Amino acid sequence: MTNTISILGSTGSIGRQTLDVAEQLGLCVAALTANSSVDRLEAQVRKFHPRLAVMTEEAAARDLAVRLKDTDTRVLGGFAALEEAAALPEADTVVTAVVGMVGLRPTLAAIGEKKRIALANKETLVCAGELVMDAAEKTGAEIIPVDSEHSAIFQCLQGCARRQEIKRLILTCSGGPFYGMNTVEAGRMTKADALKHPNWTMGPKITVDCATLMNKGLEVIEAMRLYRLPLEQVDVVVHRQSIVRSLVEFRDGAVLAQLGTPDMRLPIRYAMTYPERGENPADPLDLLSCPPLTFAPPDREVFPCLALAEEAAVRGGTACAVLNGANEEAVRLFLADRIGFYDIFHLTKKAIAALPAVEKPTLEEILEADQAAREIVSKEHFS
């Protein structure tokens, strides 16, 4: 059971919901971090009184420091300060809710201090999964997934004595806003269309990833690294209702699933209270009023990013870091209205083809692959 938390990315969707849960559970807050949302972070600091507040944008940090002069909260700026926030001795749990590769170094810092990691930053395991899991095993740090799909699998595996008992993991996917379209129809979709997720309210980057199904591809890689399973044992099914979070099929034929309403506070709360379960004030799933549950295979022709992620997972090494970095840069361009929907796939594929995968990479090699992939996408866009 968690007593004190640090939240990396407290002003984003997951961060704000984590603070809701923290307030409900009566948890103390040691550190809060954000990128540039000064107003929101100031309000959070005044409410939760953390020891440390971090703004990764230096100018925003200076502004926040002036505003918080009347408090006891120390303010730091820059990405390196995220590592200090992650390693604060009074925090027993670190929630990594930042988006992108910036979450990797602070996650490793928290692992080095044997913290419980409530992991909502999928890029950490996508790009450096083996490195991160090896470090956690060495120090004894706990990694509890916050992604709803991986939390569901984690819960279904409680009581599973050996990984050899698992036949396959089945990740569910809403299908995104373009489900049922053909390639011509999907190719005409705009940023505004991509940001209309049918079931969840999330940040713009992950919402676009859901539209391309890259998000599900990244989650496949994450599951492979988290549970040390090959691609052949990780499947994806489209489940439009987003009620069945994910499933585990065991070798004896039993299939366990975790169900719930589309509310991220459920997996966040579980990561805070594990191995116990805390009281949830929200309305539970009502089986008598929920719609029929349907399942279908994903369309890898209309959504080629899923297959691209699976190919990168099989290549291994730095291929997944290249995939992630290239996709992040392409999505950034898409959100800036500078490229079309399918350009995300084409630019990411070009980066993967251009950069050979380095086997068993170091942290520096992973970071270099990420940066090289971003540069390729940027150059291809302007060429």
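The values are calculated or read from the model by the stated rules, or taken from the named source; none is laboratory data. Nothing here was measured: the structure is a model prediction, and the numbers come from that model. So basically every Cβ, Gly included, is an ideal-geometry build from the backbone, and we count neighbours across all protein chains shown.
Here's the yes/no breakdown for (1) within 16 Å of E328 (Cβ to Cβ); (2) in contact (Cβ under 8 Å) with a residue 12 or more places away in the chain; (3) assigned by TED's automatic domain parsing to the domain that holds D209; (4) touching a Pro at 6+ places or on another chain (Cβ under 8 Å):
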| position | (1), (2), (3), (4) |
| --- | --- |
| I339 | yes, yes, no, no |
| P356 | no, no, no, no |
| E375 | yes, no, no, no |
| S378 | yes, yes, no, no |
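The rows are residues; the columns are (1) more than 18 Å from W200 (Cβ to Cβ); (2) crowded, with 24+ Cβ neighbours inside 10 Å.
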{"site": "L247", "(1), (2)": "yes, no"}
{"site": "L259", "(1), (2)": "no, no"}
{"site": "M272", "(1), (2)": "yes, yes"}
{"site": "L285", "(1), (2)": "no, no"}
{"site": "A296", "(1), (2)": "yes, no"}
{"site": "E310", "(1), (2)": "yes, no"}
{"site": "G317", "(1), (2)": "yes, no"}
{"site": "G325", "(1), (2)": "yes, yes"}
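State whether one or more residues within the stretch 305-325 are over 27 Å from T124 (Cα atoms), in contact with a helix residue (DSSP H, G or I) (Cβ under 7 Å, 6 or more places away or on another chain) and in contact (Cβ under 8 Å) with a residue 12 or more places away in the chain.
Of all residues in the stretch 305-325, those over 27 Å from T124 (Cα atoms) come to none.
No, the stretch 305-325 has no match at all.
For A271, only one of the following conditions fails: (1) in contact (Cβ under 8 Å) with a residue 60 or more places away in the chain; (2) within 19 Å of G217 (Cβ to Cβ); (3) not in a loop (DSSP other than H, G, I, E, B). What is its number?
Unmet condition: (2).
Which number in (1) part of a helix (DSSP H, G or I); (2) among the aliphatic types (A, V, I, L, M); (3) under 30 Å from T18 (Cα atoms) marks the one condition that L347 misses?
(3)
Of the residues that make up the stretch 207-226, is at least one under 22 Å from P304 (Cβ atoms), surrounded by fewer than 22 Cβ atoms within 10 Å (Cβ to Cβ) and in contact with a Cys (Cβ under 8 Å, 6 or more places away or on another chain)?
no
Which condition number does C160 fail, the rest of (1) out of contact with any Cys (no Cβ under 9 Å at 6 or more places or on another chain); (2) surrounded by fewer than 24 Cβ atoms within 10 Å (Cβ to Cβ); (3) modelled with pLDDT of 95 or more being met?
(3)
Applying the selection to the stretch 144-157, what residues are modelled with pLDDT of 95 or more and outside any helix (DSSP H, G or I)?
Selection gives I144, P145, V146, L157.
With the condition kept exactly as written, say whether any residue in the stretch 57-74 is under 25 Å from the mean Cα position of the chain (by Cα) and polar (S, T, N, Q).
No.
List pairs: first residue in the stretch 11-30 and more than 20 Å from K122 (Cα to Cα) and not assigned by TED's automatic domain parsing to the domain that holds T93, second residue aliphatic (A, V, I, L, M) and surrounded by fewer than 22 Cβ atoms within 10 Å (Cβ to Cβ) anywhere in the structure, Cβ distance under 8 angstrom, at least six positions apart or on different chains.
Qualifying pairs under 8 Å: none.
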